[in-house]
Amino acid sequence: MDIRDLFGIRLPIIQAPMAGTQNHQLAAAVSMAGGLGSIPAGMLTAESLDAELSAMTALTDQPYNVNFFCHQPPAPDPEREQAWLALLAPFLEEHRIDPASIPGGVTRKPFDTEMAEVIERHRPPVVSFHFGLPAPQLLQRVRATGARILSSATTVEEGRWLQARGVDAVIAQGLEAGGHRGMFLDADLDGQVGILALLPQLVAALEIPVIAAGAIADARGVSAAQTLGAAGVQVGTAYLLCDESRASALHRQALQRPDAQHTVLTTLFSGRPARGIANRLVRELGPRPAAVPSFPLAGNTIASLRAQAEPHGVDDFSPLWAGQNVSGCQAVPAERLTRTLAAGWHG
């Protein structure tokens, strides 16, 4: 079964949910083109998600996906927080930021009862999760709405874990993929592999459809994924330059520079490994220093630095998320890119 049958869509293309760089407009454009547009909820409140879903359904009646994080909220760790501030002290001094002025609190919440209520109210056709799955009672509430359920696997073990808990399909997230790694059973990056190794292993191990994600940027990549047994593909980075994307001007410029080919897995911007284009912060501190607080607490101090730098056209502290293949990024309508990608799927 390919995902056209599973989700009731015309093209086997999922637009990857990209928190911070898109909203319902990109998702609606992809859904109207025949693919599955995705709305990222990881940085939204229940109220803002409610507004996003209302805006989405006002634009299209086609199927769409809503994506949530499933991380464990971090425990307070004052010692690590102080080490983090000490590490960033030169940058804070450079931009005259008083550490006492940096807001506290969590900027990304896991799926909870408030979000479940929004899902029950809007009943989106597809709901996907990153970093595993929510608690069984929350997952059951989503399932009771009739939604198809997806989650990301970065290893065969994660794929088997997800299948055993009843997901309808698994997204195979290769090491090449941009943004946050979906890893949740093991934090060891040495166990992470590329999509050409991961995809066929998951296809062989699972009885449910497997969707390929990671460095798929054009019709050739879509065709290769199909050859390796994918039921469809999920594409993110290639959509970042599209007309409907909300990627910042700095992010768009970075994607078009020659050094966009140099991406790294870094914890600096959130506390979890995520792939993006290396910038000054990554180069000077290294991609994964020990002092980084647990996800998502690192983002608070970084946000203060971004707020000082970005208005001056400086991306030193901006998370420039991108996969290892930016060649498919095009400043075109998302509808055109979706159809171009789907041309690689045969049958």
* Asked: Taking strands (runs of 3 or more DSSP E) that fall entirely within region 161-268, which contain at least 3 residues that are in contact with a strand residue (DSSP E or B) (Cβ under 6 Å, 6 or more places away or on another chain)?
  -> 169-173, 210-213, 232-235
* Structure fact -> With criteria (1) within 18 Å of E93 (Cβ to Cβ); (2) surrounded by fewer than 20 Cβ atoms within 10 Å (Cβ to Cβ); (3) touching a residue at least 24 places away in the same chain (Cβ under 8 Å); (4) of a type outside the set (F, W, Y), H312 comes up short on (3)
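Let's see how each residue does on (1) of a type in the set (G, A, S); (2) more than 30 Å from G104 (Cα to Cα); (3) out of contact with any Ser or Thr (no Cβ under 9 Å at 6 or more places or on another chain):
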| residue | (1), (2), (3) |
| --- | --- |
| Q256 | no, yes, yes |
| A274 | yes, no, no |
| R283 | no, no, yes |
| V326 | no, yes, no |
| H346 | no, yes, no |
* **Extreme residue, nearest to S48 (Cα to Cα), among residues of region 86-103 that are at pLDDT below 95 and outside any loop (DSSP other than H, G, I, E, B)** => S101
* Subset of region 187-227 [within 30 Å of T267 (Cα to Cα), touching a residue at least 40 places away in the same chain (Cβ under 8 Å) and touching a Gly at 6+ places or on another chain (Cβ under 6 Å)] -> L198, L202, I211, G214, A215, A217, D218, V222
* Does region 13-32 include one or more residues that are over 18 Å from the mean Cα position of the chain (by Cα), surrounded by fewer than 22 Cβ atoms within 10 Å (Cβ to Cβ), in the same structural domain as V235 (by the TED database) and free of Cβ contacts under 8 Å to residues at least 60 places away in the same chain? -> no
* Asked: Looking at this structure, is A153 closer than 30 Å to H24 by Cβ and touching a Leu at 6+ places or on another chain (Cβ under 7 Å)?
  -> yes
* To do: Could you figure out which of (1) without any contact (Cβ under 8 Å) to a residue 12 or more places away in the chain; (2) surrounded by 22 or more Cβ atoms within 10 Å (Cβ to Cβ); (3) not polar (S, T, N, Q) isn't true of C329?
  => (1)
* Hey, M18 within 15 Å of L240 (Cβ to Cβ) and not in a helix (DSSP H, G or I) or not -> yes
* Among the residues of region 130-157 satisfying the criterion of being among the aliphatic types (A, V, I, L, M) and in a loop (DSSP other than H, G, I, E, B), which is nearest to G271 (Cα to Cα)? -> L133
* **Number of positions in region 225-243 that are within 17 Å of L199 (Cβ to Cβ) and either modelled with pLDDT under 95 or touching a helix residue (DSSP H, G or I) at 6+ places or on another chain (Cβ under 8 Å) (or both)** => 8
* Test: residue in region 193-207 that is buried (at least 16 other Cβ atoms within 10 Å of the Cβ), at pLDDT 95 or above and closer than 27 Å to A303 by Cα -> no
* Name the single residue, out of those in region 41-59 being open to solvent by less than 50 Å² (accessible area, probe 1.4 Å) and of a type in the set (G, A, S), that is farthest from R108 (Cα to Cα). => A55
* Asked: Just one of V127, V118, V106 is of a type in the set (A, V, I, L, M, F, W, C) and part of a helix (DSSP H, G or I); which is it?
  -> V118
* To do: Would you check if there is a residue in region 264-279 being farther than 22 Å from A187 by Cβ and open to solvent by 20 Å² or more (accessible area, probe 1.4 Å)?
  => no
* To do: Answer yes if at least one residue in region 237-254 is buried (at least 22 other Cβ atoms within 10 Å of the Cβ) and over 17 Å from the mean Cα position of the chain (by Cα), and no otherwise.
  => yes
* Asked: (1) within 25 Å of M43 (Cβ to Cβ); (2) open to solvent by 20 Å² or more (accessible area, probe 1.4 Å): which one isn't true of P124, the others all being true?
  -> (2)
* **Residue pairs meeting the criteria (Cβ under 9 Å; at least 6 apart or on separate chains; first closer than 25 Å to G132 by Cβ, in region 54-80; second open to solvent by 70 Å² or more (accessible area, probe 1.4 Å) and part of a strand (DSSP E or B))** => P63/R148; N65/R148
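The values are calculated or read from the model by the stated rules, or taken from the named source; none is laboratory data. The structure displayed is predicted, hence computed values, not measured ones. Using ideal geometry, Cβ is built from the backbone for each residue, glycine included, and neighbour counts are taken over all protein chains shown. Remember, those area values only see protein heavy atoms, side chains included, never the ligands or the DNA or RNA. Shrake-Rupley method; radii C 1.70, N 1.55, O 1.52, S 1.80 Å.
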